[in-house]
Structures are given as structure tokens and as C-alpha cells.
């Protein structure tokens, strides 16, 4: 599914693959996320971007995202070390949103972007 409601363009501070989670870089740039410790700005568009090139960043809506492991429907999603979406389980992990479909590593599923931090009940 793809229903982006807001897409912005920022330059890539390093190579960005399509459908990956993104974080802000230096000087109004974006980079692929590399874990759950930084705020996740959004998801890259369908076209990869090389260093210095413009990169579409979906910040609101329902968009495709590549999974980095087994994902269940409705799971909160954060980033693995390659910017792929994985299930968030750690308290305080930054999340991009929630999975709208199940899938496995390498699958492209859909995420409903609802940025925040995961709170795990004690």
C-alpha cells in the first residue's frame, strides 16, 4: 500500500536505498537509520539516492518499507543497522510507526507512519 500524505526532499549525506528508514544528518541531510537510538524522520521513496543527491522522505502516511526480519501485522517498527524495519521491543526505542502487514526479511511491507518512542509495560 502507498498513501503518502507528506513527502519532503532532502539531500542524502550517504547512499540511501529505497524504502529504508531515515534519520537526519548534518546540514539538512538524511541518512539511513542504523538502529533505534535516534529519532526516525521517515521512509525513503521508491528511488535510491546517492550521496549528495535529493532523496524523497515520506514523513506522514502509509508507505512501503523493507523488512529486516520477521514482522507481524500491527507491530511497532524501528530500524536495524541497515535502515530496514524490524519489530521494536526495547523500552525507549524510536519507532517510525506500525506494520500494516506481516512479512519476512527482504519483503517490502507497509508502515503507517506514527513516529515516537516505544514504552514497554513493566
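What percentage of all Cα-Cα pairs in the stretch 63-117 are separated by more than 15 Å? The partial results should precede the final answer.
Details: 458 of 1485 pairs.
Roughly 31 percent, rounded to a whole number.
Using alpha carbon centroids, what distance separates the stretch 18-50 and the stretch 79-122, in Å?
So the separation of the two Cα centres works out to 14 Å.
In which sequence would 67, 98, 3 go, from the one with the fewest C-beta neighbours within 10 Å to the one with the most?
Numbers: 67 24, 98 17, 3 11.
With the sparsest Cβ surroundings first, the list reads 3, 98, 67.
Taking 7 Å along the Cα-to-C-beta vector as the label spot, tell me the residue 117-residue 3 distance in nanometres, rounded to one decimal.
Each label point lies 7 Å from its Cα, and together they span 3.0 nm.
Within a 10 angstrom radius of the beta carbon, how do 10, 118 rank from fewest other beta carbons to most?
Numbers: 10 21, 118 17.
Sorted ascending by nearby Cβ count, the order is 118, 10.
Using a Debye calculation, one point per C-alpha and no hydration shell, please list log10 I(q)/I(0) for the chain at q = 0.12, 0.13, 0.16, 0.21 Å⁻¹ in order.
Relative scattering, expressed as log10 I(q)/I(0), comes to -0.35, -0.41, -0.63, -1.09.
Once you place label points 7 Å from the Cα toward the Cβ at residue 50 and residue 72, how far apart are they in nm?
A separation of 4.3 nm, rounded to one decimal place.
A short reminder: the numbers here are calculations on the coordinates, not readings from a lab. Please read all numbers here as calculations on a predicted model, not as lab measurements. We place every Cβ from the backbone using ideal geometry, glycine too, and count neighbours over all the protein chains shown.
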